[in-house]
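Quick notes on the structure that follows.
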Amino acid sequence: MHIGTRRLLWLCIAAVPALGLLVSASAKSPDTAGPYVPGLGEIMAATQMRHLKLWYAGAAQNWPLADYEVDELAEGFADAARYHPHHKDAPRPLPELIPQFTAAPIAALRTAIAAHNPVDFAAAYDALTAGCNGCHAAAGFAFNVVTRPTANPYSNQQFAPQPPTTGR
């Protein structure tokens, strides 16, 4: 290689990172892009996970975990309504639909969990599942059917309650 060609090659190689800095500096910075808003599908995927974990917590009578998962479900429903009030062709706004189908089952779950009542828990859980499916149908997503789980994909979580710990 001629010495001039070699220098030009090294100059080009050295310029690539600098070019990257110029391109990234001209792009919108994360500070001005606005806050991240999860898509409704992302919120519903997390909701499905919480629904499943709630079942296994209640089935194991781990009432603190079940209580936690109900709170997380309620937060997810609130996020769906807040961030996606009008979703696609849903005939009614999600802030109307979601509480219509989930408020009573969530309240029943809270009552069953507080009473440590596995029979009432199962009934309230099934009512929540039916409410989810009713909301999906009312929003035009009847093809998305939620069921009581039959297999636990969370092999890395223990759902059985832990014995009380004593302070040291």
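Could you give every pair whose Cβ atoms fall below 6 Å, whose first residue belongs to segment 149-168 and is closer than 13 Å to residue 55 by Cα, and whose second residue is at pLDDT 90 or above and surrounded by 10 or more Cβ atoms within 10 Å (Cβ to Cβ), counting only separations of at least 6 or pairs across chains?
So the pair list comes out as 149/52; 149/55; 152/56; 159/56; 159/57; 159/60; 159/62; 160/60.
When only residues in segment 101-117 that are of a type outside the set (A, V, I, L, M), surrounded by 15 or more Cβ atoms within 10 Å (Cβ to Cβ) and touching a residue at least 12 places away in the same chain (Cβ under 8 Å) count, which is farthest from residue 91 (Cα to Cα)?
110
If you check residue 120 against the conditions, is it of a type outside the set (Gly, Ala, Ser), modelled with pLDDT of 95 or more and either closer than 13 Å to residue 51 by Cα or out of contact with any helix residue (DSSP H, G or I) (no Cβ under 9 Å at 6 or more places or on another chain) (or both)?
Working: of a type outside the set (Gly, Ala, Ser): yes; modelled with pLDDT of 95 or more: yes; either closer than 13 Å to residue 51 by Cα or out of contact with any helix residue (DSSP H, G or I) (no Cβ under 9 Å at 6 or more places or on another chain) (or both): no.
Criteria not met by residue 120.
Quick check on segment 94-111. Is at least one of its residues touching a Gly at 6+ places or on another chain (Cβ under 7 Å), assigned to a helix (DSSP H, G or I) and not polar (S, T, N, Q)?
Just the residues of segment 94-111 that are touching a Gly at 6+ places or on another chain (Cβ under 7 Å), to begin with: 101-102, 105.
Going one step further and asking which of them are assigned to a helix (DSSP H, G or I), we end up with 101-102, 105.
Next, only the ones that are not polar (S, T, N, Q) stay: 101, 105.
Among the residues of segment 94-111, at least one is touching a Gly at 6+ places or on another chain (Cβ under 7 Å), assigned to a helix (DSSP H, G or I) and not polar (S, T, N, Q), which makes the answer yes.
Identify the residue in segment 67-100 that is more than 15 Å from residue 134 (Cβ to Cβ) and among the acidic types (Asp, Glu) and, among all such residues, is surrounded by the most Cβ atoms within 10 Å (Cβ to Cβ).
Only one residue tops the list, namely 69.
The values are calculated or read from the model by the stated rules, or taken from the named source; none is laboratory data. Remember, predicted model here, so these are calculated numbers, not experimental data. Positions of Cβ are generated from backbone atoms using ideal geometry, with glycine treated the same way; all protein chains shown enter the neighbour counts.
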